[in-house]
Amino acid sequence: MSDLDVTVTGWVATKPVVRELAEGKQMCAFRMAHSSRYRDAAGQWKDGATEWISVRMFRAGAQRVGQSINVGEPVIVSGRLKTNTWIDKDDAERHELQIDARVVGHDLTWGTASFVRHIDPKASDADEESRDEPAGMPDSFEQPDDETPDGVEEDDAARLAV
């Protein structure tokens with residue numbers, strides 16, 4: 001069975017809580033809210049329903065998420081979506097959307113952020129070389145002067161040049 005992977009934007013609704021689990025693993029949990037907006041027939045913006053989603057982040061990312069996001073901040077979360085179902089104390093069936101996150105970050109369409117790279121002090125010296133650059137990091141981000149990026153016409157490339 002394949003996972004249902006989703007990416008959701010929204011706002012942090014509860015203070016992220018980092019917990020220690022069995023075997024020393026960590027989990028960060030918080031709730032986020034996403035409210036849709038749409039234009040009515042008169043062209044006025046209207047708020048739609050608010051979806052509440054529980055988010056969990058495990059392992060090394062848990063502590064960093066707990067230190068990085070706060071209530072009221074815009075976030076983007078990507079991970080595995082599932083629905084939890086349970087019977088509450090009043091014998092009513094309850095449902096909750098939950099994302100086991102692979103990635104959590106600030107939604108930069110609403111503001112700016114600054115990144116600080118985390119180096120694990122517990123990593124062995126053998127890991128030192130592999131930590132210098134993340135896998136897949138290009139040698140250079142510069143576009144050679146004589147090349148036009150794929151899908152961009154020559155005239156457009158001249159206007160896009162910085």
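The values are calculated or read from the model by the stated rules, or taken from the named source; none is laboratory data. Predicted, not measured: the structure shown is a model, and the values here were computed from it. Cβ sites come from the backbone with ideal geometry, for glycine too, and all protein chains shown count toward neighbours.
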Would you call residue 140 more than 19 Å from residue 17 (Cα to Cα), small (Gly, Ala, Ser), modelled with pLDDT of 75 or more and part of a loop (DSSP other than H, G, I, E, B)?
no
Looking only at residues that are among the small types (Gly, Ala, Ser) and over 30 Å from residue 61 (Cα atoms) in the stretch 26-50, which one is surrounded by the most Cβ atoms within 10 Å (Cβ to Cβ)?
48
Anything in the stretch 90-106 that is farther than 19 Å from residue 57 by Cβ and part of a strand (DSSP E or B)? List them, or say none.
93, 94, 95
What do you reckon, is residue 86 under 19 Å from residue 14 (Cβ atoms), in contact with a strand residue (DSSP E or B) (Cβ under 6 Å, 6 or more places away or on another chain) and free of Cβ contacts under 8 Å to residues at least 24 places away in the same chain?
yes
Residue pairs within 6 Å by beta carbon, gap of at least six or interchain, first lying in the stretch 1-20 and at pLDDT 95 or above, second surrounded by 17 or more Cβ atoms within 10 Å (Cβ to Cβ) and part of a loop (DSSP other than H, G, I, E, B), listed first then second, are 12/69; 16/69
Within the stretch 21-56, considering residues that are within 22 Å of residue 78 (Cβ to Cβ) and among the polar types (S, T, N, Q), the one modelled with the highest pLDDT:
54
Could you give every pair whose Cβ atoms fall below 8 Å, whose first residue belongs to the stretch 55-71 and is in contact (Cβ under 8 Å) with a residue 12 or more places away in the chain, and whose second residue is outside any strand (DSSP E or B) and β-branched (Val, Ile, Thr), counting only separations of at least 6 or pairs across chains?
57/65; 71/14
